[in-house]
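Below you'll find the structure, written out as structure tokens, and then a few comments.
The values are calculated or read from the model by the stated rules, or taken from the named source; none is laboratory data. Note that the coordinates shown come from a computational prediction; the quantities given were computed from them, not determined experimentally. Note that each Cβ is placed from the backbone with ideal geometry, even for glycine, and that neighbours are counted across all protein chains shown.
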Amino acid sequence: VRRLRQAGAVIIGKTNMTEFAFTAIGDIQHFGTPGNAVDTNRIPGGSSSGAGVSVGERTSEISIGSDTGGSIRIPASLNGVVGFKPTARRVPLAGAFPLSATLDSIGPLARTVAQCAAADAVMAGEVPTALTPIALAGLRIGIPRGVLFEETEDEVATAFDRCLGKIEQTGARIEDLSIDDLLADLRAATKRGSIAAMEGAEVHADWLATGASVPVDPHVSGPLSRAAMLPTPVYIRAMRRRTALAAAMDERLSSVDVLALPTTPVTAPTIVSMSDDAGLRDRTEGLLLRNTQVANQFDLCAISLPMPSTQLPAGLMLVARNGHDQRLLRIAAEVEQLLGA
């Protein structure tokens with residue numbers, strides 16, 4: 001925030017978010033759930049819920065969010081805006097309340113890729129420069145078909161294929177690139193507890209240890225409490241395996257310039273449906289996080305762009321290797337112009 005102010009940004013206020021940045025739905029029991037920018041009866045997505053709504057409804061040009069498993073890109077997708085998750089630790093985490101020191105990233109939500117790039121540069125301590133055009137012709141676009149495309153809504157799948165067709169017409173090379181083996185390996189390594197939950201349990205260990213009733217959203221306190229019970233070797237082994245798998249993913253992605261897939265396989269359901277059906281809520285949250293969390297788990301950078309011509313907003317996600325943030329933003333700007341966003 002200090003860097004943004006020094007660069008001339010006008011900070012107008014704070015936006016709502018899910019408690020401790022932990023859930024993907026965007027519902028908030030303490031302060032009320034901000035309704036989706038397109039339809040206030042629908043969820044905003046989380047955890048940076050108010051950030052997505054604010055940009056979507058044009059009460060701000062740029063909002064700042066945090067992304068541990070998709071918390072910038074999920075609300076960006078569901079509210080029809082751009083959301084950028086930089087490589088972890090590109091933007092300092094000082095002053096941000098932690099969830100997971102390993103997975104947390106700070107990034108912008110905005111109306112355009114150029115606005116995201118400018119905000120990201122300032123927050124990273126760089127001088128903002130105009131994005132240099134990069135031709136899509138000849139670029140290698142990997143499509144990770146498999147588990148990340150399962151249970152995708154028809155409208156989302158159709159919009160994605162339409163976007164892919166436009167990209168291919170520029171001369172970009174589209175090729176399937178399976179990463180299902182790496183995803184399965186990481187799922188097995190974190191089966192007893194996610195990295196975010198285990199590191200979050202350490203952050204909140206003091207009040208979790210009291211056993212007292214605290215006014216924390218049960219969707220947050222439940223997973224943290226369970227993770228707090230896990231023995232230390234479970235965390236150490238998960239982290240060691242994650243390091244090896246991140247290196248394997250980096251090698252796998254060396255054959256393409258970016259991955260492309262739907263940001264979220266579903267559009268925003270109604271707020272009431274999430275409160276009335278616990279099973280549906282859990283399933284929806286899993287789907288919302290499924291694609292986005294890959295970038296955090298494997299230490300990558302990613303951006304979500306609005307896909308045109310959908311009844312409810314849905315995002316196109318581009319994912320690039322660790323540290324390739326600037327190149328990803330340049331590619332995203334060209335795709336944005338191509339899609340007419």
Which one of 288, 261 is under 29 Å from residue 185 (Cβ atoms) and either in a helix (DSSP H, G or I) or in contact with a Ser or Thr (Cβ under 8 Å, 6 or more places away or on another chain) (or both)?
288
If I filter the stretch 40-51 for residues that are under 22 Å from residue 195 (Cβ atoms), at pLDDT below 95 and in the same structural domain as residue 106 (by TED's automatic domain parsing), do I get at least one hit?
no
Options 63, 54, 49; residue that is buried (at least 24 other Cβ atoms within 10 Å of the Cβ) and either without any contact (Cβ under 8 Å) to a residue 12 or more places away in the chain or under 17 Å from residue 117 (Cβ atoms) (or both)
63
What number goes with the only condition from (1) in a helix (DSSP H, G or I); (2) of a type outside the set (Lys, Arg); (3) over 19 Å from the mean Cα position of the chain (by Cα) that residue 293 does not pass?
(3)
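Mind listing whichever residues of the stretch 148-174 are aliphatic (A, V, I, L, M) and either exposed (fewer than 15 other Cβ atoms within 10 Å of the Cβ) or in contact with a His (Cβ under 8 Å, 6 or more places away or on another chain) (or both)?
Narrowing the stretch 148-174 to residues aliphatic (A, V, I, L, M): 148, 156-157, 159, 164, 167, 172, 174.
If the condition is that a residue be aliphatic (A, V, I, L, M) and either exposed (fewer than 15 other Cβ atoms within 10 Å of the Cβ) or in contact with a His (Cβ under 8 Å, 6 or more places away or on another chain) (or both), then 157 is the only one that fits.
When the residues of the stretch 303-322 are narrowed to those that are under 26 Å from residue 250 (Cβ atoms) and either in the same structural domain as residue 218 (by TED's automatic domain parsing) or not aliphatic (A, V, I, L, M) (or both), which ends up surrounded by the fewest Cβ atoms within 10 Å (Cβ to Cβ)? Spell out how you get there, then give the answer.
Residues of the stretch 303-322 that are under 26 Å from residue 250 (Cβ atoms), as a first pass: 303-305, 315-322.
Okay, now just the ones that are also either in the same structural domain as residue 218 (by TED's automatic domain parsing) or not aliphatic (A, V, I, L, M) (or both), so 304, 315, 321-322.
Details: 304: 31, 315: 33, 321: 23, 322: 18.
The extreme case among them is 322.
Examine the stretch 205-221 for a residue that is within 20 Å of the chain's Cα centre (by Cα) and more than 30 Å from residue 327 (Cα to Cα), and state whether such a residue exists. Can you show your working first?
First pass over the stretch 205-221, keeping only residues within 20 Å of the chain's Cα centre (by Cα): 219-220.
Filter once more, keeping what is more than 30 Å from residue 327 (Cα to Cα): 219-220.
Yes: the stretch 205-221 contains one or more residues that are within 20 Å of the chain's Cα centre (by Cα) and more than 30 Å from residue 327 (Cα to Cα).
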Pairs only if they're at least six apart or on different chains, beta carbon under 7 angstrom, first in the stretch 98-127 and farther than 19 Å from residue 82 by Cα, second part of a loop (DSSP other than H, G, I, E, B); list them, first residue then second.
98/104; 99/22; 99/68; 100/68; 103/68; 103/69; 103/88
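Would you mention how many residues in the stretch 296-341 are of a type outside the set (Gly, Ala, Ser), part of a strand (DSSP E or B) and farther than 13 Å from residue 83 by Cα?
In the first step, residues of the stretch 296-341 are kept if they are of a type outside the set (Gly, Ala, Ser); the result is 296-301, 303, 305-308, 310-313, 316-319, 321-322, 324-331, 334-339.
Now restrict to residues that are part of a strand (DSSP E or B): 301, 303, 305-306, 316-319.
Checking the rest, the ones that are also farther than 13 Å from residue 83 by Cα come to none.
So the count comes out to 0.
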Within the stretch 107-146, which residues are within 17 Å of the chain's Cα centre (by Cα) and part of a strand (DSSP E or B)?
107, 108, 109, 110
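For the stretch 231-245, which residues satisfy the criterion of being closer than 11 Å to residue 185 by Cβ and surrounded by 15 or more Cβ atoms within 10 Å (Cβ to Cβ)? Steps first, please.
Filtering the stretch 231-245 down to residues closer than 11 Å to residue 185 by Cβ leaves 241-242, 244-245.
Across the stretch 231-245, the qualifying residues are 241, 242, 245.
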Matching residues, the stretch 85-117, being among the small types (Gly, Ala, Ser), surrounded by fewer than 23 Cβ atoms within 10 Å (Cβ to Cβ) and closer than 17 Å to residue 3 by Cα:
94, 95, 96
How many of the residues in the stretch 279-302 are touching a Gly at 6+ places or on another chain (Cβ under 7 Å), surrounded by 24 or more Cβ atoms within 10 Å (Cβ to Cβ) and among the aliphatic types (A, V, I, L, M)?
1
For the stretch 54-74, does any single residue satisfy the condition of being within 19 Å of residue 292 (Cα to Cα), assigned by TED's automatic domain parsing to the domain that holds residue 126 and part of a helix (DSSP H, G or I)?
yes
